[in-house]
1. So GLU274 ticks every box in (1) more than 27 Å from GLY211 (Cα to Cα); (2) in contact with a helix residue (DSSP H, G or I) (Cβ under 8 Å, 6 or more places away or on another chain) but one. Which box is left unticked?
2. For GLY375, indicate whether it is part of a helix (DSSP H, G or I), in the same structural domain as ARG277 (by TED's automatic domain parsing) and at pLDDT below 85.
3. Cβ contacts < 8 Å: first residue in the same structural domain as ALA393 (by TED's automatic domain parsing) and without any contact (Cβ under 8 Å) to a residue 12 or more places away in the chain, restricted to region 24-42; second residue surrounded by fewer than 24 Cβ atoms within 10 Å (Cβ to Cβ) and not in a helix (DSSP H, G or I), any location; separation 6+ or different chain. Result?
4. Part of a helix (DSSP H, G or I) and surrounded by 20 or more Cβ atoms within 10 Å (Cβ to Cβ): which single residue out of GLY288, GLY267 fits that description?
5. Applying the selection to region 122-151, what residues are surrounded by 24 or more Cβ atoms within 10 Å (Cβ to Cβ) and not in a helix (DSSP H, G or I)?
6. Considering only region 253-263, I want to know if a residue exists there that is without any contact (Cβ under 8 Å) to a residue 24 or more places away in the chain and assigned to a helix (DSSP H, G or I).
7. Any residue at all in region 98-115 that is hydroxyl-bearing (Ser, Thr, Tyr), crowded, with 22+ Cβ neighbours inside 10 Å, more than 17 Å from the chain's Cα centre (by Cα) and under 30 Å from ALA271 (Cβ atoms)?
Amino acid sequence: MTPPSPLESYREALLFLATAGVVVPLFHRLRLSPVLGFLAAGVALGPFGLGRFGDHVEFLNYLSISNVERVASVAEFGLVFLLFMIGLELSWERLERMRRLIFGLGLAQMLVSTGALAAIGYFWFALDPAPSLVMGGALAMSSTGLVMGVLAETRRLNKPAGRAAFAVLLTQDLAVAPALLFISLMQRAHEHPLTPFELFATFAPACVALGGLILAGRLFLRPLFHLVASAQSTELFVAACLLIVVGAGVVSASAGFSMELGAFVAGLLLAETEYRREIEVTMEPFKGLLLGLFFVSIGAELNLDLLLGDPLLFVGYASGLIGLKAALTSLLALALKFPASVAAETGLLLAPGGEFAFALLTFASVAGVLPGQHGAEAMVAVTLSMFAAPLLARLGARFPSGKSAEALRAEFAHLMPEGDVAAGKVLIVGFGRVGALLGEMLSRHEIPFVAIDDAVSVVAERRNEGVDIYWGSAEKRELLAKCGLEQARALAVTVTKVEAAVEIVRVAHEMRGDMTIVARARDADHATRLYEAGATDAIPETIEASLQLAETVLVDIGVPMGHVIASIHGKRDEYREILKPKAEEARERQFKRLALRSRLLARRRVQNQAEDETG
């Protein structure tokens with residue numbers, strides 16, 4: 001048997017990477033959501049797009065996705081990673097505070113929307129009660145990946161409507177497992193009536209497995225990451241993160257729940273640890289790429305044959321689905337005393353169908369619970385509605401609010417995640433002997449602070465003392481952003497490594513040029529480099545120790561304290577005036593070198609052009 005060629009084996013992967021390389025920059029330039037680009041690319045590259053012409057033009061087989069199932073199985077991990085990252089933003093405490101939204105708006109939206117859509121299926125499409133209920137539940141679902149992706153792009157994830165939409169989406173995700181079990185029970189009920197014991201035997205193992213996952217996570221996750229972080233290996237840390245995400249998803253799926261629910265629980269458990277910020281930075285690229293692949297797979301599954309057979313009918317189905325769900329969700333939010341603008345925006349965000357509709361409808365069709373034709377038509381309508389999600393999100397954001405942004409933020413403050421970790425606080429990088437003393441002095445003056453350190457033992461010890469500290473490498477721009485540098489009051493860098501301190505100051509200054517940055521320096525030369533990198537003040541240890549020694553000697557031999565303090569401050573200012581101009585001179589020399597290099601390159605280009613014309 002001839003093995004498949006490398007091009008055949010990796011065609012889908014190459015197509016997706018090429019699509020990502022084209023779609024994201026192009027749609028950013030057009031100021032459109034890349035989600036639309038991925039969906040459109042999926043339609044174009046799918047079996048109903050270019051793939052349908054592969055039999056006539058063989059070359060097109062290499063530019064199309066022929067095996068959507070193989071892509072979809074990998075693309076599902078986009079949702080798994082998304083739910084894991086959402087879990088990292090939350091905690092059990094914040095989830096408990098969201099119970100009004102989850103068991104109020106979320107549960108009401110599921111029940112009312114399912115009931116209304118099931119009634120339409122029963123009376124309008126003449127389906128039996130059981131298939132109508134399955135159809136209603138599937139269409140009531142919204143797209144977690146799509147809604148959260150669009151909200152993240154427009155920076156509205158932490159707005160009131162974003163929090164409300166997330167709570168409803170979380171409720172829907174939790175409802176997927178019972179819905180799948182319900183379909184299985186209906187399939188078995190065709191064979192013989194189920195006894196109460198059989199019902200209990202169906203649900204009990206799944207609940208026990210989920211409880212075991214939570215218990216195991218609480219007992220073993222922190223020790224595992226403590227061990228991994230102690231190894232100081234980036235590759236090992238990435239591998240551990242992937243193991244937890246995929247492993248928790250597989251355990252949850254084996255128990256009868258969705259992989260997404262298992263990953264979400266794992267994220268919740270890790271949100272309470274000191275490793276959450278570094279984990280967020282590590283997993284973000286995986287989430288972005290896999291979510292893009294997920295949207296491509298959704299677009300590839302759009303059955304253009306059905307759509308083109310009666311386009312107005314399916315556009316009408318999709319519009320009706322959007323209109324009904326938006327109206328019901330908005331009315332329910334108003335009934336729960338949400339502001340009108342928040343209720344309307346939440347309704348529009350949740351109006352399109354979702355990815356779990358495909359899973360439920362496919363499972364119901366295979367199980368014989370739902371007629372296949374109705375399932376296929378419903379999936380076309382759901383896919384069309386998902387194309388409208390970015391437009392609906394943009395429309396919802398324009399609804400005028402009767403309350404100020406500050407009033408809305410205060411009203412929903414208990415639901416907001418810790419997005420701005422260091423807002424109004426001092427960010428301390430390096431929490432050893434010097435950093436801990438600085439933190440103690442800030443606390444005495446009632447100034448809050450957040451700390452970062454890359455020593456596992458230091459972080460574990462200080463966190464047990466109640467210090468708000470995270471483990472990770474602060475040389476990464478992404479980690480500083482996750483820890484709230486953009487909103488911090490000031491930055492203090494106390495790390496002992498010379499190059500690391502310079503790099504942290506440089507990155508922080510690039511991110512916030514107006515920020516007060518105070519750094520610990522080993523000596524005068526190190527202080528000069530820190531000033532060059534953008535430090536507001538650099539404190540050389542050798543000079544400072546000498547000044548403190550001089551102060552002690554002068555006081556001990558009887559010089560008045562006031563004169564000593566004044567002279568020490570004066571000498572410290574002299575050193576600062578010496579070191580800062582050196583840094584300015586170095587920056588100016590560097591600028592001149594770059595300008596000279598630019599002029600030489602420009603002159604060389606002109607000479608090359610002249611030689612080409614002469615030739």
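The values are calculated or read from the model by the stated rules, or taken from the named source; none is laboratory data. These numbers come from a predicted model, not from an experiment. Cβ atoms come from the backbone with ideal geometry, glycine included; neighbour counts cover every protein chain shown.
1. Going through the list (1) more than 27 Å from GLY211 (Cα to Cα); (2) in contact with a helix residue (DSSP H, G or I) (Cβ under 8 Å, 6 or more places away or on another chain), GLU274 breaks only (1).
2. Working: part of a helix (DSSP H, G or I): yes; in the same structural domain as ARG277 (by TED's automatic domain parsing): yes; at pLDDT below 85: yes.
In short, yes.
3. Every condition considered, the pairs that remain are PHE27/SER33.
4. Details: GLY288 fails: surrounded by 20 or more Cβ atoms within 10 Å (Cβ to Cβ).
Being part of a helix (DSSP H, G or I) and surrounded by 20 or more Cβ atoms within 10 Å (Cβ to Cβ) holds for just one of GLY288, GLY267, which is GLY267.
5. Matches in region 122-151: MET141, SER142, SER143.
6. As a first pass, look at region 253-263 and keep what is without any contact (Cβ under 8 Å) to a residue 24 or more places away in the chain: 253.
From what is left, the residues that are assigned to a helix (DSSP H, G or I) are 253.
Yes, that holds for at least one residue.
7. Pass one, region 98-115, residues hydroxyl-bearing (Ser, Thr, Tyr): 113-114.
Now narrow it down to the ones that are crowded, with 22+ Cβ neighbours inside 10 Å: 113-114.
In the following step, the residues that additionally are more than 17 Å from the chain's Cα centre (by Cα) were identified as 113-114.
Of the ones still in play, those that are also under 30 Å from ALA271 (Cβ atoms) are 113.
Scanning region 98-115 turns up at least one residue that is hydroxyl-bearing (Ser, Thr, Tyr), crowded, with 22+ Cβ neighbours inside 10 Å, more than 17 Å from the chain's Cα centre (by Cα) and under 30 Å from ALA271 (Cβ atoms).
So that you can scan it fast, the table gives a plain yes or no per residue for (1) closer than 17 Å to ALA474 by Cβ; (2) crowded, with 17+ Cβ neighbours inside 10 Å; (3) not small (Gly, Ala, Ser); (4) not assigned by TED's automatic domain parsing to the domain that holds ALA436:
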{"site": "THR496", "(1), (2), (3), (4)": "yes, no, yes, no"}
{"site": "MET515", "(1), (2), (3), (4)": "yes, yes, yes, no"}
{"site": "TYR531", "(1), (2), (3), (4)": "no, yes, yes, yes"}
{"site": "GLY534", "(1), (2), (3), (4)": "yes, yes, no, yes"}
{"site": "ASP537", "(1), (2), (3), (4)": "no, no, yes, yes"}
{"site": "PRO540", "(1), (2), (3), (4)": "no, yes, yes, yes"}
